[in-house]
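Before any comments, here is the structure.
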2 protein chains.
Amino acid sequence: MASDIMPNWLIKRADLSPERVALITEEATWTFNELHKLSVSAANKLSALGVKHGDHVAVLIGNRKEFLFLLHGLEYIGAVAVLLNTKLTSHEISWQLENSESRLLVFDDVFLEKLENAPKAVKQLSLAEFINAEEGKATIRFEYDLNEVHTIIYTSGTTGNPKGVMLSYGNHWWNAVSSSLNLGLHMDDCWLCVTPLFHVSGLSILMKSVFYGMPIYLVEKFDPAKVNMAIENYHVTHISVVSQMLVRLVADLGERVYPKSFRCALLGGGPAPKPLLEICKEKGIPVYQSYGMTETSSQIATLSTEYMLSKLGSAGKSLFPAQLRIEKDGKEQSANEAGEIVVKGPVVTKGYWKNEEATEKSIVNAWLYTGDIGYLDEDGFLYVLDRRNDLIISGGENIYPAEIEAVILSHSAIEEAGVVGQSDEKWGQVPIAFVKTWDGEMVTKEEILSLCKERLAKYKVPVDVIFVEDGLPRNASNKLMRKELRKLLD
Amino acid sequence: MASDIMPNWLIKRADLSPERVALITEEATWTFNELHKLSVSAANKLSALGVKHGDHVAVLIGNRKEFLFLLHGLEYIGAVAVLLNTKLTSHEISWQLENSESRLLVFDDVFLEKLENAPKAVKQLSLAEFINAEEGKATIRFEYDLNEVHTIIYTSGTTGNPKGVMLSYGNHWWNAVSSSLNLGLHMDDCWLCVTPLFHVSGLSILMKSVFYGMPIYLVEKFDPAKVNMAIENYHVTHISVVSQMLVRLVADLGERVYPKSFRCALLGGGPAPKPLLEICKEKGIPVYQSYGMTETSSQIATLSTEYMLSKLGSAGKSLFPAQLRIEKDGKEQSANEAGEIVVKGPVVTKGYWKNEEATEKSIVNAWLYTGDIGYLDEDGFLYVLDRRNDLIISGGENIYPAEIEAVILSHSAIEEAGVVGQSDEKWGQVPIAFVKTWDGEMVTKEEILSLCKERLAKYKVPVDVIFVEDGLPRNASNKLMRKELRKLLD
C-alpha cells in the first residue's frame, strides 16, 4: 500500500536539515549530512563485500559512532541488521549467528576472542578492517517499505533458546511517533544514549534522532559522573535509563539539581523501586516511568507528565496508537486485579525469526502476551509487578520479587537488591534476598529482615539474606538477571 | 494489517488526558473528557436516526462547537462525513448531496434557504433539531482502521463538476504526525482555528487536537482584531492562515508585536506575495509557508524553522514521510525549471468518490499530479508559481498571475490584487489586473502600471487595471477565486 512507503529516512533527514547535529561523542560531532555521507560509504563497503537487499548482517559493536554508520548503511542497501549483545559468550554468539543465517559479521576488535566458535559460513570483518575496506557502488534505496524487517534482536527467555525478535521499519517509526506524542518534541531536544545500541532502548534513540532531526549524545560506558556532566553542561534534554542507573546518577548528583532544560529521564527495564521514585520527585527529576520490551520496539506504555506525581510508581497508560489490557485465564481482569499484561499496536513485532511456534504462542489476534504480570488501577494506570517467570509461589500465594526488593532498597545502606525463589519442601518456594551495600556502608542481616517484617506480610519476608560484594548480575542494559541469582542457589 | 489498526482516537485521548482542554470558544471551554461525552451523545442521536457504519452523512455547519461533536460522533459509529462548504449555492449543495449518496444532512439553521432543491432522498435535520434529538444506543467503535474513509470533501476544478476527495483515517493521522515532526510539539500548544472546519485546513487542526492532546481556539468568523486579541491574551501558539488573512492581521497589529509564545503562523492557500513575507520577517512573525491541498489532507510541504529567513518565499520541502518532484512532459525537471508539482506519501488521498476517471488521471503509481506549477531551487526548496489552470500564456510565454499580484501588492495603498488572462487576438492571452485599495487609500491606474513596468518584463505588465470596491471574490478559505474574476471579463 502507498501509505506503507516512506522516503529513505536518513537521506530525507539530511535533505531537510543537513546542518543540524546528528551525533555527539566525546571525540567530535557529526551533522546529518555527514552522517548520511558516512552511511553511504558504509553501504558502498557492504556492497563490495557482496551484501544485498534482504541479506542478514550481524553487528557486534558497542556504543561507538561506527554502529550508526553501519546501521544506516544496512538500511540504505535493505539488509537486515542482526544486533548481537556484546556481553554474550562465544557459545551464544555462535548460536545466534547460525540461527539468524547471517552472511556477514562486523565486530569490534575487542570482541575477537568471542568468535572462536563462530560458524565458518559467516564471513567476519573486524571494525578496523571495515573502516579500511574498499568501497563498491551500492544500490542505495530511495524508499523504505514499513512492512520490511529492519532489525533482528534476540531475547533470552528463562528456558530454551533465545528468540530473534523481528522489528520492521514500521515498528521503529511508530515507536518514535508514539513517544513524541507523549513527551512532546522541541527544536533543542538532545537525547543521551548510554543504554546499548544493540538493545531496543538505545536503538530507539538512534531512530528517533533521524525522525526528529535531533542529536544523540552517545556514551560508550555508563559512568554516573560523566553522564551528569553531560546533562549539566551539554544541554542534554532526555536520557533513557534503568533504575540501577538512575540510583547511581542520583547518588552522584548529591545536593546538585539538574538544569531546567533536562526534561525527561525515561525509565524502563522493569518495575522501579518506589523509594527511588520518591527521591527523584523530591529532587525535581522528571522521571517518566515506562513499560516495554524488545517485542514492542521499546516503550509501549509511559506515564505522562500530568500524572507523574499523582501516579508515582505506575508505568502509565499505553501510548496513543497502542492498547493494553490485563488477562488471566483468557479473561480480562477488573481494576486492581493482577494478571498477564497483553498489548496491541503498530509497535508490536510481527514475530520471531524462524520460530512460528513461539510467535503463535505469544501473538494471538494481533495481541502480544508479554509474560509480564501487572494490574491496572481504578483509573486504568498500569502497575507492573514482575516477570511471570520471576514470580515466586509460596504456599499458594503469589510473591513479586520487585516488591520485596523495593522495601530492601529503601534502606539507605543498600545499593542493590535481588530476590528469587528457593525450593522449599513445605511451601514449594520461599523468597531469598541478595544484597550489595554502598561502598563504606554497613548493615546486618537482622536489620534488613526486621525492615521487611515491618513492611511486608509474613510470607513475603525472605528466609535469608546473602551479601554480595561485587554487585548483582546484570545484563548489558543493567537489568537485574534473577535467572543468574537462582543459579547461585543450585 | 495490525499496524493499520488504532484505538478510537478521541476515546484514547480522553483516557490519556481527560482534564486537558480540548476546545475553547468565546462562550466556554470543553475538556477532552467532555468532548468525548458530547460525541457519544451525538453518536447515540445519529444511531437513533438510523445512521450505521459506512453510511454517508452530510454536514453543513460553520465553525461551531457542534461541528466537533458531530464529526467525532460520526467517527464513533464509522459513518463517513461529507463536509459541505457553507458558501455553496443551493444548486451546488443539491448536486453534492446527490453525488455523495448521503443518507442524512445535518445543517445549521442559518443555511435553511440553501436546501430548497435538496434531493428528497436525503433526510434533513437542522442543528436545533439535532441538539434536541432523542438518543439511541450507538455501537461505539473501539478501533479504527487507517484504511477506512473518514471524510469526503468536494473540490471544484475550473471546469466540470466538483470531485469528492476521499480522505482516510490514515490520511488525517499522517498529516498530523508529519506536521509535528516539522513544527515540534509542546505541552502548552494551542492552535487557533479560523479557517473553515469543512476544509482540510480547519479539519486538520481539529484532528491534531485529538492526536496531540492540544486545545483548539475556535473562531467562527475571521475578524483580525479578535484573532489578534486571542493570540495576545489567550496563549495561542499556532494559527493557520491564507495570505489575505495574514495581511489583515498585520495591518491590525500595527506597531504591536506578538508575544514570544506565538510560534507558528502556518501559511497556506497558494503562493504568498513576497512583500507580505518581508513585513512579517521584519516584525518577527514566525510564518511557515506551506503547500498543500484537499488531496493531501492539507500541508505536504512546509518551510522549516531554520530556513524561514534564508528561503523566504519558498514553501520548503516535502515533510518527512512525503516526496515531491517537478515534472514536465513526463520528465523530472532540473533545478530552477518550472513544471507540474507531483507528490507522494501517506497523506495523499486514495482517490475521488465514484470518479475513477479523475482518480486515474490524477494519481499515477501513487504519485499525485497536483495541477500546480512550481520549481525547486538548487537546494531543493519548492517555489509554487501558480495553479496550472490560472497560467496565462501570452505570445508563447508563461505568465504566473501570482508574480504580478505580488508586485502590485507591494504598493502600500493596495489591499488585494488578482490577475487573470484576457483573450487577445494578437498574443492569445494578455494579463489584466483587478485591485482593491485599503479603505481611505488612493492610487491611480498609471501608478500601478508604472510600478509593474519597473519590476516586470514587458509581456507581464497588465494591459489594464480594474478597481473593485467590495474586494475580490474569495472562497470560504479566503483563497482568491480567479475563475470568478475571469467571468467578469466575459
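Rule-based calculations on the coordinates, nothing more; no lab input. Bear in mind that the values here come from a model prediction, so they are computed numbers and not experimental data. Cβ: placed from backbone, ideal geometry, glycine included. Neighbour counts: every protein chain shown.
Can you list, largest first and rounded to whole Å, the semi-axes you get for chain A by taking the square root of 5 times each eigenvalue of its Cα gyration tensor? Walk me through the numbers before you get to the answer.
Details: eigenvalues 274, 124, 106 Å².
Square roots of five times the eigenvalues give 37, 25, 23 Å.
Can you pull out the GluC sites (Glu not before Pro) in the range B:307-413 whose DSSP state is coil and whose Cβ has at most 16 other Cβ atoms within 10 Å?
Values: sites: B:327, B:332, B:337, B:340, B:356, B:357, B:360, B:378, B:397, B:403, B:405; in loops: B:337, B:378.
Here the sparse-neighbourhood loop sites are B:337, B:378.
Restricting to DSSP loop positions (anything but H, G, I, E, B) with no more than 12 other Cβ atoms inside 10 Å of their own Cβ, which trypsin sites (Lys or Arg not before Pro) remain in the range A:174-249? Intermediate values should be presented prior to the final figure.
Values: sites: A:208, A:221, A:226, A:248; in loops: A:221.
When the trypsin sites (Lys or Arg not before Pro) of the range A:174-249 are filtered for loop state and at most 12 Cβ neighbours within 10 Å, A:221 remain.
For a 19 Å ceiling on Cα separation, which of these pairs sit above it: B:52/B:163; A:65/A:350; A:344/A:483; B:163/B:483? Could you put the intermediate results ahead of the total?
Working: B:52/B:163 24 Å; A:65/A:350 29 Å; A:344/A:483 28 Å; B:163/B:483 17 Å.
Violating the 19 Å limit, Cα to Cα: B:52/B:163; A:65/A:350; A:344/A:483.
P(r) for the range A:164-225: what percent of alpha-carbon pairs falls in each 10 Å bin, starting at zero?
21, 52, 25, 2
Can you pull out the GluC sites (Glu not before Pro) in the range B:451-490 that DSSP calls coil and that have at most 11 other Cβ atoms within 10 Å?
Passing both the DSSP loop test and the Cβ count: B:469.
So what is the 222 nm mean residue ellipticity for the protein assembly as shown from helices alone, if each DSSP H run of at least 4 adds -39500 (n - 2.57) and you divide by all residues, rounding to the nearest 500 deg cm²/dmol?
Numbers: 28 runs with 294 residues, N = 980.
Calculated mean residue ellipticity at 222 nm is -9000 deg cm²/dmol.
Any idea what the dipole of chain B comes to, in debye rounded to 20, about its Cα centre with Lys/Arg Cβ at +1 and Asp/Glu Cβ at -1?
Numbers: 50 positive and 64 negative charges, 119 e Å.
Using Cβ point charges on Lys, Arg, Asp and Glu, chain B gives about 580 debye.
To test your reading of the geometry: what angle, between 0 and 90 degrees and rounded to tens, separates the Cα axis of helix A:200-212 from the longest principal axis of chain A?
The helix A:200-212 is inclined about 50 degrees to chain A.
Anything over 19 Å Cα to Cα? Flag those among B:221/B:479; B:12/B:208; B:221/B:436; B:226/B:281; A:283/A:311; B:274/B:460, in the order listed. Present the calculation step by step, with values, prior to reporting the outcome.
Values: B:221/B:479 15 Å; B:12/B:208 14 Å; B:221/B:436 21 Å; B:226/B:281 22 Å; A:283/A:311 17 Å; B:274/B:460 17 Å.
Violating the 19 Å limit, Cα to Cα: B:221/B:436; B:226/B:281.
Any idea what Rg and Dmax come out to for the protein assembly as shown if you just take the C-alpha atoms, in Å?
So, for the protein assembly as shown, Rg and Dmax equal 30.8, 107 Å respectively.
Please work out whether the range A:370-490 counts as rounded, prolate or oblate from its C-alpha gyration tensor, where a ≥ b ≥ c are the square roots of the eigenvalues and a/c under 1.5 means rounded, while otherwise a/b larger than b/c means prolate and anything else oblate?
Details: a/c = 1.36, a/b = 1.26, b/c = 1.08.
The shape class here is rounded.
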